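Just below is one structure, and these are the notes that go with it.
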Ligand SMILES: Nc1ncnc2c1ncn2[C@@H]1O[C@H](COP(=O)(O)OP(=O)(O)O)[C@@H](O)[C@H]1O
Ligand SMILES: [Mg+2]
């Protein structure tokens, strides 16, 4: 069996005294696309932030590509191949599109840069047209493209996408999904949080559902689609 891209075991995360993640174990194989579903407030963002090193778990362990990173900061996890596209996108308003992309640029651990600027611009022609615009001049969809592009500039092996298409019109949502598919088809593993169940079922190799800080389902799209009661209980559709 190959070494997992992410192997998190028995993770507990607190915000102060609030106990949020409760014994979460989560595995992503190299190149695998995993959806992370669940109602608001169930702990999805907390899990992504814990995996990325932006929150420190109170117990448990996290490995990236076989290396224990439990005690490593976000910057070290980024060097180890993990990139996060955060909820809210985190674009720098006073940098241009090109600057937002290039300041993040880094080779992977083998010294390769599979996603140079030109490749980002061919993935997102809209960004190429806006390359001299300031971050704060972009639409929501363009900001999301930029945030994804910036993650790719770090030459990741794993991308975490939080609320990937939040607030986007259907046509833009389709554009984002088409590029996410190109990214995962290139061999990058992904954990994707989004509200559009059908889009995720079509995209993901495997689906997980989180409720009250625990993983309550882990299975194929066919298995999840077949379980209407589960969908109703945890996703409210
Ligand atoms: N900064 C914070 N401080 C305290 N509690 C928080 C903070 N962020 C989130 N929470 C709480 O943690 C729980 C999980 O939140 P979150 O991970 O954002 O859920 P989701 O992404 O699934 O909507 C919620 O009850 C939320 O209120
Ligand atoms: Mg969230």
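Overview of values
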quantity: Condition met for residue 139 (at pLDDT below 95 and either on the phi < 0 side of the Ramachandran plot or out of contact with any helix residue (DSSP H, G or I) (no Cβ under 7 Å at 6 or more places or on another chain) (or both)); calculated: yes
quantity: Condition met for residue 48 (touching a strand residue (DSSP E or B) at 6+ places or on another chain (Cβ under 8 Å) and within 16 Å of ligand 2 (Cβ to nearest atom)); calculated: yes
quantity: All positions within the stretch 53-86 that are within 16 Å of ligand 2 (Cβ to nearest atom), in contact (Cβ under 8 Å) with a residue 40 or more places away in the chain, surrounded by fewer than 21 Cβ atoms within 10 Å (Cβ to Cβ) and under 27 Å from residue 113 (Cβ atoms); calculated: 86
quantity: Test: residue 90 is surrounded by fewer than 16 Cβ atoms within 10 Å (Cβ to Cβ) and touching a helix residue (DSSP H, G or I) at 6+ places or on another chain (Cβ under 8 Å); calculated: yes
quantity: Residue that is nearest to residue 203 (Cα to Cα), among those in the stretch 16-40 that are more than 13 Å from ligand 2 (Cβ to nearest atom) and without any contact (Cβ under 8 Å) to a residue 24 or more places away in the chain; calculated: 27
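The values are calculated or read from the model by the stated rules, or taken from the named source; none is laboratory data. In this text the structure is predicted, and so the values were computed from the model without any measurement. In this analysis, Cβ positions are derived from the backbone assuming ideal geometry, glycine residues included, and neighbour counts consider all displayed protein chains.
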